[in-house]
1. With a Förster radius of 41 Å, plug the Cβ-Cβ distance of Glu233 and Glu444 into 1/(1 + (r/R0)^6) and report the FRET value to the nearest 0.05.
2. Can you check what the net charge comes to around Lys317, using other residues whose Cβ is under 15 Å from the Cβ of Lys317 (Lys, Arg +1; Asp, Glu -1)?
3. Taking the Cα centre of the chain as the origin, how large is its charge dipole in debye, to the nearest 20, when only Lys and Arg (+1) and Asp and Glu (-1) carry charge on their Cβ atoms?
4. Would you work out if segment 256-307 is rounded, prolate or oblate? Take a ≥ b ≥ c from the square roots of the eigenvalues of the alpha-carbon gyration tensor; rounded if a/c is under 1.5, else prolate when a/b is larger than b/c, oblate otherwise.
5. Given the rule -39500 (n - 2.57) for each run of at least 4 DSSP H residues, summed and divided by the residues of the chain, what is its mean residue ellipticity at 222 nm, to the nearest 500 deg cm²/dmol?
6. If one computes the Cα centroid of segment 171-218 and of segment 305-335, what distance in Å separates the two points?
7. Going Cα to Cα from Lys327, which lysines come in below 16 Å? Please leave out same-chain ones fewer than 8 positions away.
8. Below 12 angstrom from the Cβ of Tyr439, what's the summed charge of the other residues (Lys, Arg +1; Asp, Glu -1)?
Amino acid sequence: MDKNAKILRTNAKISLLENEILYENTSGKDLKSLIEELSTYQIELEHQNQELLASQEKLLLVSDTYIDLFENAPIGYIIVDTENGINKINKTAYKLLYEGNDTIYCSKFTQLIHPDDQSEYYLYFKSLIKGTPKEYCDLRLFTNNHKTYFYARICGNRQIDSTEQNAEFRLAISDISTEKELELNLIKAKEKAEENDNLKSVFLANMSHEIRTPMNGIIGFTDLLKDPYLSSETRNSYLEIIENSGNRLLDLINELIEISKIEAGQMQANLIPTNITSLLDELHKFFTPEAHKKNITLIIENHLKKSEAKLLTDKDKLYAILVNLTKNSLKYSNAGTIKIGVYKSGPNLKFYVKDTGIGIPKEKKHIIFQRFRQVEETAFHEGTGLGLCIAKALVELLGGTIGFMSLCKKGSTFYFTIPNKKIEIKKVVSIKNNDNAPYLENYEIVIAEDDHYSRMLIDELLRQSKAKTYLVENGVELMSLLEKVNPNLILLDINMPFKNGYECIEEIRKIGIKTKIIAVTAYALNEEKEKILGLGCDGYLAKPFKKQELLSEIEKQI
Ligand code: ADP
């Protein structure tokens with residue numbers, strides 16, 4: 001009999017005596033039956049004891065299982081009191097909250113919560129105390145000595161064994177940083193998509209506006225031109241409107257081509273000797289009529305010495321940047337002055353275009369270099385929102401930087417730098433500005449062009465030159481014509497049916513015809529030009545072209 005059983009036996013005897021179950025004068029018979037009953041009782045007790053021991057063992061096992069589950073759960077658990085003091089913490093939570101926190105140990109859970117999320121947590125904890133908790137609460141928890149934080153989801157429960165006076169709560173903590181990052185990225189992507197959608201609508205509306213307005217001018221005034229009784233003055237003014245509208249359309253197309261080249265990373269700088277003084281004079285000449293119309297004074301402030309004004313850069317791109325900025329200054333000013341200047345600034349030249357126009361509001365300053373973005377995006381106004389984006393890309397291509405200062409209703413100053421690469425200009429190429437057609441009386445020129453109007457236009461432009469022209473509509477016709485005639489020049493469109501321009505050049509050179517060929521094409525990209533010239537073409541002219549450009553190209557070749 002073990003110790004516990006002995007104690008039980010003694011206690012039972014005492015209890016028997018106290019309850020007068022054992023009497024001093026009890027007879028032997030009674031005693032016998034009593035002993036029998038007691039033995040039965042004892043056996044019963046022993047059975048119960050065994051059951052109790054088994055239950056205790058089970059309980060120990062369950063408790064071990066619970067501890068194992070608690071400690072090694074993939075989720076962090078902490079048990080806190082009503083003041084958020086941490087009474088118990090499992091391994092996972094310890095790892096999440098304290099790993100790296102070697103100098104700070106926070107005994108209160110709230111010390112680990114990001115200040116911006118404290119009130120959110122207090123609300124949640126209050127609901128937990130009240131017994132009506134929300135499902136979870138997301139917040140940022142500090143780790144690594146408060147240097148970094150992670151996103152955590154907290155799910156709380158009142159501990160089942162906790163009393164009213166000593167209430168305890170079990171908080172399950174899971175690291176949701178990855179999900180949160182995904183969610184934040186999704187939100188950003190959604191906002192970007194909405195913004196793009198909005199931009200697309202603005203862009204389409206703008207494009208429609210930008211195409212329809214000049215088209216309206218072209219179609220409307222062409223119709224008016226049909227009136228045979230128009231005075232020559234009125235006729236000329238109509239023609240000027242048509243020309244301006246056409247140029248505006250061309251600007252739009254050029255801007256779109258430029259932006260697609262920028263986006264495709266196909267833009268290249270073509271460095272040539274450039275005279276800044278002549279460039280600024282050209283700019284002044286070009287914009288003066290428009291400035292006069294708006295009563296704006298256009299001033300060139302050239303602070304360069306004669307010798308400093310010559311450098312190596314991409315002249316066309318530099319001109320395009322200045323044109324863009326000046327155009328904007330004119331567009332966004334109603335009167336006042338526009339100053340276009342340049343001065344030496346360390347190893348660079350610094351250009352500026354300063355106006356006294358409407359200025360740019362502070363809150364819009366960050367968008368104006370973005371493509372398709374405009375300060376005024378709700379109402380239509382002339383422009384596509386591409387000019388500054390193109391100007392910035394061009395400046396960067398030339399190795400400089402661009403920026404601006406602006407005050408609302410006071411004006412804006414756009415400035416940019418380009419590296420001052422010195423050169424010795426040995427030869428200044430003068431561009432002939434001869435409007436007269438070259439005298440080509442004994443020359444034969446083939447015009448291979450599938451578009452009826454373009455064919456007519458070239459023929460018309462060559463009429464004065466007295467050259468004999470042959471007109472063909474496609475590559476096949478051209479090749480059969482070349483079997484019969486031996487012209488001095490072929491003006492060749494590239495995009496033609498049956499046999500395109502590339503095929504014609506190849507075939508012509510293959511069969512040994514040496515006739516000069518000028519490609520006249522609407523493929524205005526640089527790589528196209530290189531491809532065409534590489535195939536054996538002698539010259540290249542991008543559509544649309546001016547009469548003078550066609551004639552100088554022809555002059556160059558023959
Ligand atoms: P847009 O074709 O609309 O002129 P830009 O890219 O050239 O496109 O310019 C973007 C926007 O920046 C313009 O829509 C305009 O709101 C603003 N902006 C540019 N230049 C000026 C300027 N000189 N003065 C005031 N606002 C300007």
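Just so it is clear, none of the values below were taken in a lab; they were calculated from the coordinates. Quick caveat, the model's predicted, so the values are computed rather than measured. Neighbour counts are summed over all protein chains in view; Cβ atoms, including those assigned to glycine, are modelled from backbone coordinates with ideal geometry.
1. Using R0 = 41 Å, I get an efficiency of 0.55.
2. My count for the surroundings of Lys317 gives -2.
3. Computed charge dipole of the chain: roughly 3260 debye.
4. In terms of gyration-tensor shape, oblate.
5. Dividing the helical sum by the residues of the chain leaves -16000 deg cm²/dmol.
6. 33 Å
7. Lys285, Lys293, Lys294, Lys317, Lys339, Lys354, Lys392
8. Net charge in that neighbourhood comes out at -1.
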